Amino acid sequence: MEPVTLSSPLVRLDQLLPADAERVYEYCQDPIFERYLHVPWPYRRSDADSFISGYIPAAWASDSEYIWAVRDPDTAELLGVIGLRLPSASIGYWLGAPHRGHGYIPEAQLLVIEWAFANRLVDTISWQCLEGNMASARTARKAGFSFTGVGPAIQAHRDGSYPPSWHAVLRATDTREPKDGWPIEEPVG
């Protein structure tokens, strides 16, 4: 598949460019990334370069993962990254620390979800995060995912282990309203 652009008044999702590598590298120095993400650690500038110039184009071309830059629609500033991996239909994302708390990832997530369902790429999307990643859980809950429990990670962590992870699903027929049953303290409503 060829990369597509998705947008709303809050975010624009488009291709990561070689010029974004320095910002990806900067954002990936965040200690939260070491704890919760599968990115290499320590994260080097060369990791950002190969991710943008090698992995992403190959993933789109092979239909194995669709990855977008999450940008400010007015300035084109890189805010984060979001992707949908196939065939597991798992969604993943991260946001640079200066941009957290503004609703960018929930909005980006809904754009990707609706695009995937509208194009009949999948009928169910899965989500996971390492156990304890409350920010990621809150974002998935806001999108309407239903928490399904704790189990081993779907993909190996950087040390080769499959650590305990929270799992959730969203079906095309589900509402996009937050559901109860999440291991977070926010009640529905």
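Some observations on this one:
- Pairs of Cα atoms farther than 24 Å apart, the range 17-108, %: 16
- Calculated accessible area for the chain comes out at 49 Å² per residue, all protein chains present (probe 1.4 Å; ligands, DNA, RNA ignored).
- The residues neighbouring ALA76, those whose beta-carbon lies less than 15 Å from its own, together hold a net charge of -3 under the Lys/Arg +1, Asp/Glu -1 convention.
- Legend: translational diffusion of the range 79-180 by Stokes-Einstein, Rh = Kirkwood radius over C-alpha pairs, 10 °C, 1.306 mPa s; D = 114 µm²/s.
- Debye intensity ratio I(q)/I(0), log10, the chain, q values 0.11, 0.18 Å⁻¹ (C-alpha model): -0.46, -1.38
- The range 19-75 versus the range 119-168: alpha-carbon centroid distance in Å: 19
- Of the solvent-accessible surface of the range 63-189, computed with a 1.4 Å probe and all protein chains present, 51% belongs to carbon and sulfur.
- Formal net charge of residues neighbouring ILE105 (Cβ-Cβ distance under 14 Å; K, R +1; D, E -1): +4
- THR5 sits among other residues whose Cβ lies under 13 Å from its own Cβ, and their net charge, with Lys and Arg +1 and Asp and Glu -1, is 0.
- Considering all different alpha carbon pairs of the range 132-189, the Kirkwood hydrodynamic radius works out to 12.2 Å.
- Here the peptides 100-109, 142-151 are ranked by packing, the mean other Cβ count within 10 Å, and the order with the highest first is 100-109, 142-151.
- Extension gain, ARG44 to ALA97, is 17.3 nm, computed as 0.36 nm per intervening residue step minus the present C-alpha separation.
- The simple spin-label model puts a point 7 Å past each Cα toward its Cβ; for ASN119 and THR5 those points are separated by 1.5 nm.
The values are calculated or read from the model by the stated rules, or taken from the named source; none is laboratory data. On a predicted model such as this, the values are computed, not experimentally measured, just so you know. Every residue, glycine among them, receives a Cβ derived from its backbone with ideal geometry; neighbour counts consider all protein chains shown. For accessibility, only protein heavy atoms count, side chains too; no ligands or nucleic acids. Shrake-Rupley method; radii C 1.70, N 1.55, O 1.52, S 1.80 Å.
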